[in-house]
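Before any comments, here is the structure.
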Amino acid sequence: MQRLGSLSRSTPLRAALLILTDLAYQRWPIRVTADGSVEVRRPEEQRLEPLREKERIRKQELVKRDEQLREPSTRRFVSGLEASRLYKGRRVSIFSLMRDGRELAAALRRVRSSDPAAVIPNLRQIVDPYLQFVDGDATCEHTGLALQDIWRYFRHTWSNQYTSTPGRTMGFLVRDRAGDCHPIVGIGALGSPIVQIRERDAWIGWHPDAFLEFAAEEGSATLAAWLTKTVDASIDECYSDDFIEEQLLTRGDIRNPSVDVNERLKAYGERQRELHHRLARSKEMKRSARSDGESAGVHWRKQARSHLYRSKRALALADMFRVKLALRRFLPEDPTAEDVRALLKDQEGRQAVKTLLRKAKADRVGIAMADITVCGAVAPYGPILGGKLVSMLAASPEVIAAYRQRYSNQQSEIASSMAGRPIVRPSHLVFLGTTSLYGVGSSQYNRLRMSAAPLGGRADEQLAFLELGRSGSYGTSHFGSATVEALVALVQQSLTGQRVNSIFGEGVSPKLRKIRDGLDRLKLPTDALLMHGRHRIVYGVPLIRNLREYLLGMDRDPDYLFDLSDPTAGTRAVVSWWMERWLASRLQNDDALGKVEDHSLVRPIRHGARVILSPEDPNQTSLFDDL
């Protein structure tokens, strides 16, 4: 039970009340003690049955989802897509992209009476999925609707709130050639990965203890060469002209750093960080906001000289100089395995290796890895396991090839700002991560694996969703947008001013830092309130054989599990696997076909792919009403 203290009439009152409201909505037990203090307790997840736990989490998510669907802009968007319009001589709307479940169920039932050898060929006449990527202003050739709007509409049918995510993102639609207007089977999206996930990093070998164990076993000249190459490349990719101009260091210091230079750089970096927090404004530092006519080189040098990147560069150089000094103590010009083992036995040497591990991870995590941020079937394809098809297609050669093409020439925001020149990283996607919405299992990802052979790989290998562990129940998902705004306002009114500017490169998760700062300002138990009590299963999909070596930069080229020379052939192979492994087995399931049949496009439309708007003015409920 966490004690929140007495709530007095003051500026923070609104923020505190909004926090209590969110916690009440999320089923945190709340009580007021005899002295007027308020106490709250996290819901005890482990005491609930799996179905009850899923329902509890679903209700948590629906609170924010329904709040979003009451927003006037969202309602206009939904109504606009549902409105009928004339396109190429026919009336169309978003409903034209929904398949009538009665027609689909009837067709599937007819296949049941087919000769066993004809089942799969007949299924291909009824369901014929393919991928379509959501690119820029592209439109649907059957309805004229923007692909981005189509994707967003169906995303609003999810039980959790639709939000845009920073960094890289690539959405896709899975469509069905066999239906009129090629209806939507499901939607998916890849996005920039969460930087720190303990379970994923431990499995990859990125966790410091696991890597040090690997390094001790490896203990080779090859590892020593990697350590030296990584530190030298890191120093080379750090712009230093202004530091030399200001006599903070010399070119000789870069070649032969000293402890004194490190101390100067650390003190300088801290001063620049303070100036950034005091003076920076988000609007002035939007991602890649190049002025008209400004060259890439000029833009990145300007970024590098900002207070934020002066701080980041000074602290990064201090770290790398410290590492270089440690490596110099133990690694001669031609190091042996014994030299590496001696380095790893020394405390400073081990710390130096950990620093280089963090650097190697930072260089690769945002470009060689992605999270599956959205993935699922659209009605009526859910009961026939369309979600498993969408999930496997998210890891298919066609998606990986499209990701490479989209980002092959993109200049890295942070690396270019650190280097003061354009830096383009290879866009080879080698690992996908995702989590279950619930902590009690994911029917969509469970047992999801297919042989790599149909994809041009080896018969003894598989493309598979692997369960890596369970994440900690820590985050901000239980706080609403109004609460975040109130906490931000509270921090901005404090004597210390605005500390979090939502500037890309400032740090991990601006939302988390804003909430943390606001809770600290209220003198509330921050860590306890950020533990939302919702564990999730962490999944990983390795796409290459040499995963750890490539992600660390030891191997230059990824060794893929499948053939990338004909990506659309890979999609066809995934579709065939899904039909044989999953769809065919549903033909005998009367309950599943009955659920397919429930989705009707006859007016009044009763279809699970339709966005159901919440009432604009819902009846006011008390703080502790059971929602």
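The values are calculated or read from the model by the stated rules, or taken from the named source; none is laboratory data. On a predicted model such as this, the values are computed, not experimentally measured, just so you know. Glycine gets a Cβ as well: all are built from the backbone with ideal geometry, and neighbour counts include every protein chain shown.
Can you tell me how many residues within the range 559-576 are assigned to a loop (DSSP other than H, G, I, E, B) and of a type outside the set (D, E, K, R)?
The qualifying residues number 4.
Just to be sure, is TYR153 hydroxyl-bearing (Ser, Thr, Tyr), at pLDDT 95 or above and within 30 Å of SER481 (Cα to Cα)?
yes
For the range 517-526, check the following and say yes or no: at least one residue is of a type outside the set (Phe, Trp, Tyr), over 20 Å from ASP201 (Cβ atoms) and without any contact (Cβ under 8 Å) to a residue 24 or more places away in the chain.
Yes; the residues of the range 517-526 include at least one that is of a type outside the set (Phe, Trp, Tyr), over 20 Å from ASP201 (Cβ atoms) and without any contact (Cβ under 8 Å) to a residue 24 or more places away in the chain.
Being out of contact with any helix residue (DSSP H, G or I) (no Cβ under 8 Å at 6 or more places or on another chain) and among the hydroxyl-bearing types (Ser, Thr, Tyr) is the filter; apply it to the range 141-164 and report the residue that is surrounded by the fewest Cβ atoms within 10 Å (Cβ to Cβ).
For the range 141-164, the residue satisfying everything is SER164.
Restrict the check to the range 404-422 and report whether at least one residue is of a type in the set (Val, Ile, Thr) and closer than 30 Å to LEU593 by Cα.
no
I need the helices (runs of 4 or more DSSP H) fully contained in the range 267-352, keeping only those with at least 1 residues that are in the same structural domain as ARG251 (by TED's automatic domain parsing), hydroxyl-bearing (Ser, Thr, Tyr) and modelled with pLDDT of 95 or more.
Ranges flagged: 307-330.
Given the criteria in contact with a Leu (Cβ under 6 Å, 6 or more places away or on another chain), surrounded by 21 or more Cβ atoms within 10 Å (Cβ to Cβ) and touching a residue at least 40 places away in the same chain (Cβ under 8 Å), does TRP578 qualify?
yes
Could you please let me know if ARG102 is in a helix (DSSP H, G or I) and touching a strand residue (DSSP E or B) at 6+ places or on another chain (Cβ under 9 Å)?
Spelling it out, ARG102 is indeed in a helix (DSSP H, G or I) and touching a strand residue (DSSP E or B) at 6+ places or on another chain (Cβ under 9 Å).
Please state which of the following conditions PRO567 fails to meet, knowing it meets all the rest: (1) modelled with pLDDT of 95 or more; (2) not assigned by TED's automatic domain parsing to the domain that holds LEU108.
(2)
For the range 29-37, check the following and say yes or no: at least one residue is modelled with pLDDT under 85, touching a Ser or Thr at 6+ places or on another chain (Cβ under 6 Å) and not in a helix (DSSP H, G or I).
yes
Among the residues of the range 159-195, which ones are among the hydrophobic types (A, V, I, L, M, F, W, C) and farther than 15 Å from VAL134 by Cα?
If the condition is that a residue be among the hydrophobic types (A, V, I, L, M, F, W, C) and farther than 15 Å from VAL134 by Cα, then ALA178, CYS181, ILE194, VAL195 are the ones that fit.
Among the residues of the range 38-53, count how many are touching a Gly at 6+ places or on another chain (Cβ under 9 Å) and either at pLDDT 70 or above or part of a loop (DSSP other than H, G, I, E, B) (or both).
Summing the residues that are touching a Gly at 6+ places or on another chain (Cβ under 9 Å) and either at pLDDT 70 or above or part of a loop (DSSP other than H, G, I, E, B) (or both) in the range 38-53 gives 4.
Could you check the range 378-492 for strands (runs of 3 or more DSSP E) lying wholly inside it with 1 or more residues that are over 30 Å from HIS299 (Cβ atoms) and among the polar types (S, T, N, Q)?
431-435, 449-451, 462-464
Give me a count of the residues in the range 105-154 that are of a type in the set (Gly, Ala, Ser), outside any loop (DSSP other than H, G, I, E, B) and touching a strand residue (DSSP E or B) at 6+ places or on another chain (Cβ under 8 Å).
1
What are the residues in the range 176-193 that are among the charged types (D, E, K, R) and either surrounded by 22 or more Cβ atoms within 10 Å (Cβ to Cβ) or not assigned by TED's automatic domain parsing to the domain that holds GLU71 (or both), if any?
ASP176
Looking at (1) hydrophobic (A, V, I, L, M, F, W, C); (2) within 17 Å of the chain's Cα centre (by Cα); (3) buried (at least 19 other Cβ atoms within 10 Å of the Cβ), which is the only condition LEU108 fails?
Going through the list (1) hydrophobic (A, V, I, L, M, F, W, C); (2) within 17 Å of the chain's Cα centre (by Cα); (3) buried (at least 19 other Cβ atoms within 10 Å of the Cβ), LEU108 breaks only (2).
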